[in-house]
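Chemist: Once you've had a glance at the structure underneath, I'll fire off some questions.
What follows draws every value from the coordinates through simple rules; no lab data is involved. This structure is a prediction, so every number in the text was calculated from the model and none was measured. When we count neighbours, we look across all protein chains shown, and the Cβ atoms used for this are built from the backbone with ideal geometry, even at glycine.
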Amino acid sequence: MLRKIPLFLLGILLISVTSCSTAKKASASKKGAVASAKPKKKPKKGAIQPYSKVITKDAKSDEGLFTVHELDDKYFYEIPDSLFNREMLMVTRIAKTASGLGFGGGKQNTQVLRWEKNKKQVLLRVVSHSVVAADSLPVHEAVVNSNFEPILYAFPIKAFSKDSLNTVIEVTPLFSKDVKALGIPAFRRRQYKITRLDDSRSYIDKLKSYPLNIETRHIKTYNAGAPPSNNSVGSISVEMSNSMILLPKEPMKRRHFDERVGWFTSGQVDYGLKAQKSETVTFLDRWRLEVKDEDLAKFKRGELVEPKKQIVYYIDRATPEEWKPYIKQGIEDWQVAFEAAGFKNAIIAKDPPTAEEDPDWSPEDVRYSVVRYLASPIPNANGPHVSDPRSGEILESDINWYHNVMSLLRNWFFIQTAAINPDAQTLEFKDEVMGRLIRFVSAHEVGHTLGLPHNMGSSVAYTVENLRSAEFTKKYGTAPSIMDYARFNYVAQPGDEGVALMPNIGPYDKYAISWGYRPILNATTAKDEKKTLDTWILDKAGDPMYRFGAQQRDVVDPSSQTEDLGSDAMKASDYGIKNLQRIVPNLIKWTAEDGKNYDDLDTMYGQVLSQYNRYMGHVSSNIGGVYQHNKTYDQEGAVYTHVDKADQKRALKFINEQLFETPEWLLDENIFNKTKSFGITDRIRATQVRTLNRVLSLGRLSRVMENETLNGNDAYTILNMMKDLRNGIWSELRAGKTIDAYRRNLQRAHIDRLSYLMTAESPNVPARFRSRVTPLNTSQSDLRAVVRAELNTLKRSVRSAIGRTSNQMSKIHLQDALERINLILDPK
């Protein structure tokens, strides 16, 4: 057929075939060019990326509990799968603060957290251990359904590690945004009228990972309507510290609390108990001290053994060298208490490694408990601890030691001992004297970190005469517990040579540490320990050396007061005032220094007034006082008993004589003309009025009336108390004596207080405080009737005295007093 096709047609055919092939190639080439020009597809927003795309070579990585990566001002956590659903404790503190807003190291919030994977997110949940039930019980499901764990924050997953065993999230927003649980607490926000976080002035300072914890420091700046300082800025800037600590997989065995032994505690409402109600289980906060397996036989024989893990405190590198030995001694003073619990070398103090020895050592590492030395004007020290809420196990503690605690110690020691102690008769103590005081405070604060609260009922175990005995005080100190506020021996008088001036680790401290820490080897559960623990308490019951008395906000029990000494407040305070009367004439000499002004003199005179006021507080608390001695059903006697009638009457007599009669010994013209241009009269007035209002407080008067209702003539009645007070304050009326300015001020204050009582309403006390406040329905009780009768009696006495008074100023005062009383009785 080809031979039959004309040549020109064959050529056309060949051209057509060639053209078709070339066109296909050109078309294909064109399509390829178009395809290569299209941009590559971007990953979807929020999509999980390859690890190398998220954590690049430029990232700074810090391995620890989680690996922390820093990249371009962003922070990432790389969380191992093994740590999801493990419980962690987040402790939020203020690290650095504005003036007037708390103090550095102050704990703001504590919560248990759990990291949980949910599809393409990681959820950070807040876990509550306040309500529980064993997971083997049917009620457990109801408890879980009623305690759904809130989500604190949700993080999109950024990447997985190459082996897919780690999950990467960005945590920058958790600390740079206003997550309220990790910042300033709600009550501070209300107090300073904080409106919002200023993102432009807030940032993460550092994020550091350690084997068992992650430490975050972030600066928060809040716009505030009423900042405590720097008002012109209109904001508050603080540095927050968040410590996230991995809790032990197996919680420590608990030890149940007993109110007869003081202890810091944790608690839970347990719905799984057999009690026919929900019951709160309270257990001790304490370190995990356990006997090594190889030492069990020795321990059973009564030999001292070293615990599996010692309690170790490191002394901050910033601590001045001269004070380090004394702080260490205060820590290791507790060895004797742990020996009572069966352990030797249980608590030790160490210097931290130098930066050259261990550049990674940090006081923020939860593996280390540190006495932190803070350059702060705060005159204080405190000993907080961090504990596992599931068991009470103390995980770590950092004692905050503020530089100016030394000024506090100086003032106390001067005012309370200078009358008999030459070492305190100056404002610059020798290093060994200040060192001994530092050792005392160190031991007290360490006691708190071991689990012991203040035991304000300790000091009354000793008689006042015991405190003047060198032999007794050298053996027992000034109180059975260093956890009391029995500071220094203000009772001792000149001639009581060799008497001890401060407490040591005492009998109660040894007993309490033994009760809380001695292992009970034959007990497998906390419940099994109860019988043994009760026996230990009953062995000491009735002995005041081993009594615990809780700290009180409004003092009801006069035997559990701060700053007091001895079993008789009136006798102890009388000795204390005698010593103040010896100090005042020497204040100028003992505070003098050439080239200095009189600020120190003014300060120490103020300290005299403060100490004097403390004595009046100790004494006045006996009026309407009620002793509390905690007991259980197997112990005889009452828990609550009213202070004896004679002691209450003696207390008011003391106040009338020592305070309400003008304290002439305080009126030193040589001090006044060097320290004040005015205000001396008002300082005395304020001191007297403070005690007067304390005696005539609603709670105290309520207890006086109730005592009379319950005990009749055996009680110090309200009418007798009011009469004794009136006769003391208005003693000049009978003889028409001249009334000095101090007494006139006091008498007007008495009328003002009676006026207040005529109209005072029953306080509206929040439910959580009702157990601490004595209730009184002012309109339906006898109070207003008694006060009205008192005003009428006083009215008659004042009217009669006007004619007998020759002093013109006294007469004017009495006429004014009469008018004041009339206005109260008849406001119209």
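Chemist: Once the convex hull of the alpha carbons of the range 330-410 is built, what does its volume come to per residue, in cubic angstrom? Display every interim value, and only then the final one.
Modeler: On the way: hull volume 11.1 nm³, N = 81.
Value for the range 330-410: 138 Å³ per residue.
Chemist: Gap in Å between the Cα centre of the range 53-96 and the Cα centre of the range 248-265?
Modeler: 32 Å
Chemist: How do the peptides 640-647, 107-114, 317-324, 486-493 rank, highest first, by the average count of neighbouring beta carbon atoms within 10 Å per residue?
Modeler: 486-493, 107-114, 640-647, 317-324
Chemist: Dividing the convex hull volume of the Cα atoms of the range 57-246 by its residue count, what figure in Å³ per residue is obtained?
Modeler: Numbers: hull volume 26.2 nm³, N = 190.
Convex hull of Cα atoms, per residue: 138 Å³.
Chemist: Please go through the residue pairs Lys74/Lys180; Lys193/Lys676; Lys53/Lys177; Lys474/Lys674; Lys645/Lys795 and name each one whose alpha carbons sit more than 30 Å apart in this structure. Intermediate results must be reported in sequence, preceding the final value.
Modeler: Numbers: Lys74/Lys180 21 Å; Lys193/Lys676 37 Å; Lys53/Lys177 25 Å; Lys474/Lys674 40 Å; Lys645/Lys795 28 Å.
The answer is Lys193/Lys676; Lys474/Lys674.
Chemist: Another question about this same structure. Just order 367-375, 807-815 by mean Cβ neighbour count inside 10 Å, highest at the front, would you?
Modeler: Values: 367-375: 18.8, 807-815: 16.7.
Per-residue mean Cβ counts within 10 Å order the peptides as 367-375, 807-815.
Chemist: Just check the range 345-391 against the gyration tensor rule for me: Cα atoms, a ≥ b ≥ c as the square roots of the eigenvalues, rounded for a/c under 1.5, and otherwise prolate or oblate depending on whether a/b exceeds b/c.
Modeler: Working: a/c = 1.71, a/b = 1.09, b/c = 1.57.
Oblate, since a/c reaches 1.5 and b/c is not below a/b.
Chemist: Further, regarding this structure: Using the Cα atoms of the range 480-576, I'd like the radius of gyration and the largest Cα-Cα distance, Dmax, both in angstrom.
Modeler: Computed over the Cα atoms of the range 480-576, radius of gyration and Dmax are 17.2, 56 Å.
Chemist: For the range 353-391 and the range 525-582, what is the separation of their Cα centres, given in Å?
Modeler: Cα centroid of the range 353-391 versus Cα centroid of the range 525-582: 31 Å apart.
Chemist: Could you sort the peptides 691-702, 472-483 by per-residue average Cβ neighbour count (10 Å cutoff), highest mean leading?
Modeler: Numbers: 691-702: 20.2, 472-483: 23.7.
My ranking of the peptides, most packed first, is 472-483, 691-702.
Chemist: Please report, in debye to the nearest 20, how large the charge dipole of the chain is about its Cα centre when each Lys and Arg carries +1 at its beta carbon and each Asp and Glu carries -1 there.
Modeler: It comes to approximately 4520 debye.
Chemist: When N is the residue count of the range 256-350, what does its C-alpha Rg come to as a fraction of 2.2 N^0.38 Å? Don't skip to the end; give the middle numbers.
Modeler: Numbers: Rg = 18.3 Å, N = 95, 2.2 N^0.38 = 12.4 Å.
Dividing the Cα Rg of the range 256-350 by 2.2 N^0.38 Å gives 1.47.
Chemist: Give me the one-decimal Kirkwood hydrodynamic radius in Å for the range 653-704, with the sum taken over alpha-carbon pairs. Spell out each step's value before the answer.
Modeler: Details: mean 1/r = 0.0786 Å⁻¹.
Roughly 12.7 Å, rounded to one decimal.
Chemist: Could you calculate the FRET efficiency of Leu165 with Glu259 from 1/(1 + (r/R0)^6), where r is the beta carbon distance between them and R0 is 35 Å, rounded to 0.05?
Modeler: Values: r = 49 Å, r/R0 = 1.39.
Result of the calculation: an efficiency of 0.10.
Chemist: What is the calculated FRET efficiency for Ala638 to Glu149, with r their C-beta to C-beta distance and R₀ = 41 Å, to the nearest 0.05? Working shown, then result.
Modeler: On the way: r = 45 Å, r/R0 = 1.11.
Efficiency computed from Cβ-Cβ geometry: 0.35.
Chemist: How big, in percent, is the set of alpha carbon pairs in the range 429-483 lying more than 16 Å apart? It would help to have the intermediate numbers written out before the result.
Modeler: On the way: 809 of 1485 pairs.
Within the range 429-483, distances greater than 16 Å cover 54 percent of Cα pairs.
Chemist: Additional query: How far apart, in nm, are the 7 Å Cα→Cβ label points at Arg86 and Lys298?
Modeler: With each label placed 7 Å out from Cα toward Cβ, I get 3.2 nm.
Chemist: With only alpha-carbon pairs counted, each pair once and no self-pairs, how large is the Kirkwood hydrodynamic radius of the range 663-812 in angstroms? Before the final figure, lay out the partial values.
Modeler: Working: mean 1/r = 0.0568 Å⁻¹.
With all distinct Cα pairs of the range 663-812 included, I get 17.6 Å.
Chemist: Testing the spin-label approximation: label points 7 Å from Cα along Cα→Cβ at Ser61 and Val233. State their distance in nm.
Modeler: Going by the 7 Å Cα→Cβ label model, 3.8 nm.
Chemist: I'd like the Karplus ³J(HN,Hα) series for the range 661-666: coefficients 6.51, -1.76, 1.60, θ = phi - 60°, whole numbers in Hz, and an x wherever there's a Gly or Pro.
Modeler: 5, 3, x, 4, 5, 7
Chemist: Moving on to the next point. If each of Asn792 and Ser731 carries a label point 7 Å out from its Cα toward its Cβ, how far apart are those two points in nm?
Modeler: 2.9 nm
Chemist: Would you mind getting me the FRET efficiency between Lys120 and Ala592? Use the beta-carbon distance for r and R0 = 60 Å, nearest 0.05.
Modeler: On the way: r = 75 Å, r/R0 = 1.25.
After rounding, the FRET efficiency stands at 0.20.
Chemist: Could you tell me which residue out of Val261, Val91, Val441 lies farthest along the dipole of the chain toward its positive end? Charges go on the beta carbon: Lys and Arg +1, Asp and Glu -1, centred on the Cα centre.
Modeler: Most positive-ward Cα: Val91.
Chemist: In the chain, if every C-alpha pair distance is counted and binned at 10 Å from zero, what percent goes to each bin?
Modeler: 2, 10, 16, 20, 19, 13, 8, 4, 2, 1, 1, 1, 1, 1, 0, 0, 0
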